1. Once you compute Rg and the Kirkwood Rh from C-alpha atoms, what is the Rg to Rh ratio for the chain?
2. What is the ratio of the Cα radius of gyration of the range 141-230 to 2.2 N^0.38 Å, with N the residue count, to two decimals?
3. ARG52 versus LYS111, label points 7 Å from Cα toward the beta carbon: distance in nm?
4. Using a Förster distance of 22 Å, how high is the FRET efficiency between ARG25 and ALA191, based on the Cβ-Cβ distance and rounded to 0.05?
5. I need the peptides 94-100, 186-192, 21-27 ranked by packing, meaning the mean over residues of other C-beta atoms within 10 angstrom, with the highest value on top.
6. When the chain is treated as a GNM, springs tying every alpha-carbon pair under 10 Å, which of LEU105, LEU54, LEU62 comes out with the largest mean-square fluctuation?
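Rule-based calculations on the coordinates, nothing more; no lab input. Just so it is clear, the structure is predicted and the values come from calculations on it, not from any experiment. As a convention, Cβ positions derive from the backbone with ideal geometry for all residues, glycine included, and neighbour counts pool all protein chains shown.
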Amino acid sequence: MGGIRDNITVVQERIARAARKAGRRSEEITLIAVTKNVPVEKIKEAVDAGIRDLGENRVQELLQKQEGLAGEDVTWHLIGHLQRNKVKYVWNRVGLIHSLDSLPLARELEKRAAPAGEKIKVLVEVNVAGENSKFGLPVEAVPGFVRELTGFSSLEVLGLMTVAPLVDDPEELRPVFRRLRELAGEIEALALPGVEMRYLSMGMTNDFEVAVEEGSNMVRIGTAIFGPRR
Ligand SMILES: *Cc1c(COP(=O)(O)O)cnc(C)c1O
């Protein structure tokens, strides 16, 4: 592992190569640096190296790091499971919530944002591979769920997110990423108000190149930037 700046350069080059291979432009792909278990000084190094999007799993950690990095021009992404009782702390402090996975959670977000006249940008988390250990809706439930979300005027549904299974060969995940992209196409075709399939959040350290080849435009990378988590 080199320094954080070097790691970012390597990741960006790998994204660019995967994009080229798929006939895509790398500028359309947002690199989100995932900062779980990473101290503020190291996150600062990533920001100094040009990172503008940061992803956190836990609300508490996100708020602390946001404070530690106050004044930096960055967008925070909540990428982990969001409990309803944490919504009040975080709903207006993040640029995008990647993990909307239930109607009760949607209701709670609406309850905070609607009276304030604010919008909340969300992605729907999909458990494409149907793993028991993972959050997210099964593929078949997503179109109906998104239809229900149109009843929440403060939610802007901007795409889909998935966490792929951990496998040795990322090539095995190609059908998973492809399925998410197809699902986004099926939902776009419904032309629902307040719903736009602008973002596909898929791809992590072990599998981001395959995800980019299959249409990802938001990759969430921790280990390849900051090193293995302790
Ligand atoms: C930890 C995490 C990542 C980043 O994982 P790496 O393998 O370290 O790149 C991405 N997305 C989610 C939801 C995560 O929890």
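1. 0.95
2. Taking N as the residue count of the range 141-230, the ratio is 1.21.
3. The two pseudo-label positions are separated by 3.6 nm.
4. Calculated transfer efficiency: 0.25.
5. In descending order of packing, they fall as 94-100, 186-192, 21-27.
6. LEU105
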